[in-house]
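Colleague: Quick one: this structure, given as structure tokens, is what I'll be asking you about.
The values are calculated or read from the model by the stated rules, or taken from the named source; none is laboratory data. These numbers come from a predicted model, not from an experiment. Heads up, the Cβs are rebuilt from the backbone with ideal geometry, glycines too, and the neighbour counts pull from every protein chain shown. Please note that ligands, DNA and RNA were not included when accessible areas were found on the heavy atoms of the full protein model with its side chains. Shrake-Rupley method; radii C 1.70, N 1.55, O 1.52, S 1.80 Å.
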Amino acid sequence: MKNKDAYIEKFEAQIKELQADIDKLDAKAKQSEADMRIKYQDELAQLQGKRDQLKERLAEIKNASDDAWEELKSGAEKAFDDLKNSWNSAMNRFNKE
């Protein structure tokens, strides 16, 4: 149980960090010109969707039995990596523009 709680706590902290980054992108989008704002909004929608999927996976882990949660870890880690990679890709694109 202790490992599960630590894992959940770690993932919640990572989600909060990424949420702060998404919020920064949202603020940047609001300050940009109309055509860039559309690009930012599309990226934000995708990032928020992936964040929501990650939160769903974390909820599954929270609700899983002590034995079953280990099986759900890989899916949550894959969802987190996907979100992080998407975030990095979006920031690289927007920093170039």
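Colleague: Is there any pair with a first residue in region 8-37 that is polar (S, T, N, Q) and a second that is exposed (fewer than 11 other Cβ atoms within 10 Å of the Cβ) and modelled with pLDDT of 85 or more whose Cβ atoms are under 7 Å apart and which are 6 or more apart or on different chains, and what are they?
Modeller: Listed pairs, sorted by first residue: none to list.
Colleague: Within the set of pairs 6 or more residues apart or between chains, which connect a residue that is over 30 Å from Arg37 (Cβ atoms) inside region 71-97 to a residue that is of a type in the set (Lys, Arg) and open to solvent by less than 60 Å² (accessible area, probe 1.4 Å) with Cβ atoms less than 9 Å apart?
Modeller: Pairs that qualify, where the first residue is over 30 Å from Arg37 (Cβ atoms) and the partner is of a type in the set (Lys, Arg) and open to solvent by less than 60 Å² (accessible area, probe 1.4 Å): there are none.
Colleague: Give me the residue from region 27-47 that is in contact with a helix residue (DSSP H, G or I) (Cβ under 7 Å, 6 or more places away or on another chain) and open to solvent by 40 Å² or more (accessible area, probe 1.4 Å) and, out of that set, farthest from Glu77 (Cα to Cα).
Modeller: Out of the qualifying residues, it is Arg37.
Colleague: Can we say Glu60 is open to solvent by 70 Å² or more (accessible area, probe 1.4 Å), under 21 Å from Asn95 (Cβ atoms) and either at pLDDT 85 or above or not in a helix (DSSP H, G or I) (or both)?
Modeller: Spelling it out, it is not the case that Glu60 is open to solvent by 70 Å² or more (accessible area, probe 1.4 Å), under 21 Å from Asn95 (Cβ atoms) and either at pLDDT 85 or above or not in a helix (DSSP H, G or I) (or both).
Colleague: Turning to a different aspect of this structure: Tell me, please, whether a residue that is among the polar types (S, T, N, Q) and buried (at least 17 other Cβ atoms within 10 Å of the Cβ) can be found in region 75-94.
Modeller: For region 75-94, residues among the polar types (S, T, N, Q) and buried (at least 17 other Cβ atoms within 10 Å of the Cβ): present.
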